[in-house]
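The values are calculated or read from the model by the stated rules, or taken from the named source; none is laboratory data. Quick caveat: nothing in here was measured; it's all calculated off a predicted structure. Using ideal geometry, Cβ is built from the backbone for each residue, glycine included, and neighbour counts are taken over all protein chains shown.
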Amino acid sequence: MSSRPSSDALFTPRQRRALAASLLAWYDRHRRELPWRAKPGETPNPYCVWLSEIMLQQTTVATVGGRFERFVTRWPNVAALAVASLDEVLHEWQGLGYYARARNLHACAKEVVARHGGRFPADEAALRALPGIGGYTAAAIAALAFNIPATPLDGNIERVIARLFAVEAPLPTSKPRLRELAATLTPGKRPCDYAQAAMDLGAMLCSPRRPKCVLCPWREACRARALGLAEVLPRKRAKPEKPRRFGVVFWVMRRDGTVLLRRRPEQGLLGGMMEFPSTPWRDMPWTESAAAPEAPLRARWRALAGTVRHGFTHFDLELAVWLGTGPARSKAAGVWVRPADFPSLALPTLMTKVASLAIRATTRLETGAGKRYDRHPMPHLSPHQEEP
Ligand code: SF4
């Protein structure tokens, strides 16, 4: 493997065996201890593997660590999770974002119990048929839970493979090629350890910036290193700018200190989570006259200074917040909750941002420091839902 490397060409069978062996030897000395991982000699728990893989999608290992342990303490196996309510699961998921994952997690647990007797199937195709399990997750569970020679390709492994083979095509176009190349290296022996080793190599040495090539078990074979491309690969196609959407949130508080909330529809973004009533989110900012009919009840509205900004995968959202005082009795759809009880609700991060802006503002108003809001009084607006 010391001859001049040619970019993106396959290694010989002997070289492949040597690569797998050197990576596994490095892994045996340097493997990461992770709460969901079986220790050497232990049998992996498919429930823990599945749960951690779902949690780790778009969330860092550091964030998932404590949350994973709390989750398995509350629901130690798939049968326990299957009988939990969706609301409990969404609430436990709070702060991890991408709530469709939590809904699919719950649906998947029910299906594993109903169709597979509470045991995850040890087969990639059967795993893929379960809710929330795509190609990557099926391969990861097959390899990590059942020691099947599958090839999961997460961001870490993508980077390692792109560098090892010096693949110059940008992501995501290069993904299928990277998967093919990675599959050529997957060994028949210890596929579970090999997959975890490749993940650890990407996380610990082959980092996005300043890879520690001098410590890498693949340094002699690595084509990007030989070509001086380690830091620039994998290339990424420039992302188009995300569109921006706008909304107005109605923070309605009654004299007893409770605030109006409602549940979002089960399907769609933040499905099943709680929210403060708002206008739809649209492509242009709302005017007062356009937003007013969307209010949940009749009130004297006051626009807060500042906006709440939140980034979703496909768009950025900007929310204005209007304060209003609700009547003691109201037909407005939803529930009235004290801010002190918000932690018991499945409230997404976006809505906790709204709550902190509104609570800060109302506190300033109560102490008299918020007089500036009084310079922006809103007219008594016509509601789309009449009060009694
Ligand atoms: S030699 Fe460097 S670039 Fe190549 S796989 Fe190892 S850490 Fe990554």
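Looking at this structure, is S174 within 9 Å of the ligand (Cβ to nearest atom) and out of contact with any strand residue (DSSP E or B) (no Cβ under 9 Å at 6 or more places or on another chain)?
Answer is no for this residue.
So which residues in segment 248-301 are of a type in the set (S, T, Y), farther than 17 Å from L345 by Cα and surrounded by fewer than 17 Cβ atoms within 10 Å (Cβ to Cβ)?
Answer for segment 248-301, where residues must be of a type in the set (S, T, Y), farther than 17 Å from L345 by Cα and surrounded by fewer than 17 Cβ atoms within 10 Å (Cβ to Cβ): T287, S289.
Could you say which residue among V321, V335, V354, V308 is touching a strand residue (DSSP E or B) at 6+ places or on another chain (Cβ under 9 Å), under 14 Å from W251 (Cα atoms) and modelled with pLDDT under 95?
The match here is V335.
The rows are residues; the columns are (1) on the phi > 0 side of the Ramachandran plot; (2) in a strand (DSSP E or B); (3) among the β-branched types (V, I, T); (4) over 20 Å from the mean Cα position of the chain (by Cα).
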residue	(1), (2), (3), (4)
P280	no, no, no, yes
V321	no, yes, yes, yes
R329	no, no, no, yes
D341	no, no, no, yes
T352	no, no, yes, no
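Considering only segment 136-148, I want to know if a residue exists there that is in contact with an Asp or Glu (Cβ under 6 Å, 6 or more places away or on another chain) and among the β-branched types (V, I, T).
Yes, segment 136-148 contains a residue that is in contact with an Asp or Glu (Cβ under 6 Å, 6 or more places away or on another chain) and among the β-branched types (V, I, T).
Looking at the structure I just gave you, is L127 in contact (Cβ under 8 Å) with a residue 24 or more places away in the chain and either part of a helix (DSSP H, G or I) or within 17 Å of the chain's Cα centre (by Cα) (or both)?
No; evaluated as a whole, the condition is false for this residue.
Could you tell me which residue of segment 194-210 is surrounded by the fewest Cβ atoms within 10 Å (Cβ to Cβ), considering only residues that are hydrophobic (A, V, I, L, M, F, W, C) and outside any helix (DSSP H, G or I)?
L205
What are the residue pairs meeting all of these: first residue in segment 168-194, first residue among the polar types (S, T, N, Q), second residue surrounded by fewer than 20 Cβ atoms within 10 Å (Cβ to Cβ) and part of a loop (DSSP other than H, G, I, E, B), Cβ atoms under 6 Å, and 6 or more apart or on different chains?
If the second residue must be surrounded by fewer than 20 Cβ atoms within 10 Å (Cβ to Cβ) and part of a loop (DSSP other than H, G, I, E, B), the pairs left are T184/L10; T186/P149.
Residue-wise test of (1) part of a loop (DSSP other than H, G, I, E, B); (2) over 25 Å from P149 (Cα atoms).
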| site | (1), (2) |
| --- | --- |
| E180 | no, no |
| C192 | no, no |
| V214 | no, yes |
| R219 | yes, no |
| E231 | yes, yes |
| P240 | yes, yes |
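State all residues of segment 209-248 that are in contact with a Phe, Trp or Tyr (Cβ under 7 Å, 6 or more places away or on another chain), within 11 Å of the ligand (Cβ to nearest atom) and within 30 Å of F312 (Cα to Cα); if no residue qualifies, say none.
none
Look through A162, A169, A150 and report the one residue that is in a helix (DSSP H, G or I) and aliphatic (A, V, I, L, M).
A162
Can you pull out the residues in segment 90-131 that are touching a Gly at 6+ places or on another chain (Cβ under 8 Å) and of a type outside the set (F, W, Y)?
The answer is L90, A100, R101, R103, N104, L105, A107, C108, V112, R128.
Report yes if some residue within segment 160-169 is of a type in the set (D, E, K, R), within 16 Å of the ligand (Cβ to nearest atom) and surrounded by 23 or more Cβ atoms within 10 Å (Cβ to Cβ); otherwise report no.
yes
Those residues that are within 20 Å of the chain's Cα centre (by Cα) and without any contact (Cβ under 8 Å) to a residue 60 or more places away in the chain, I need them from segment 99-124; list them, please.
Across segment 99-124, the qualifying residues are R101, A102, N104, L105, H106, A107, C108, A109.
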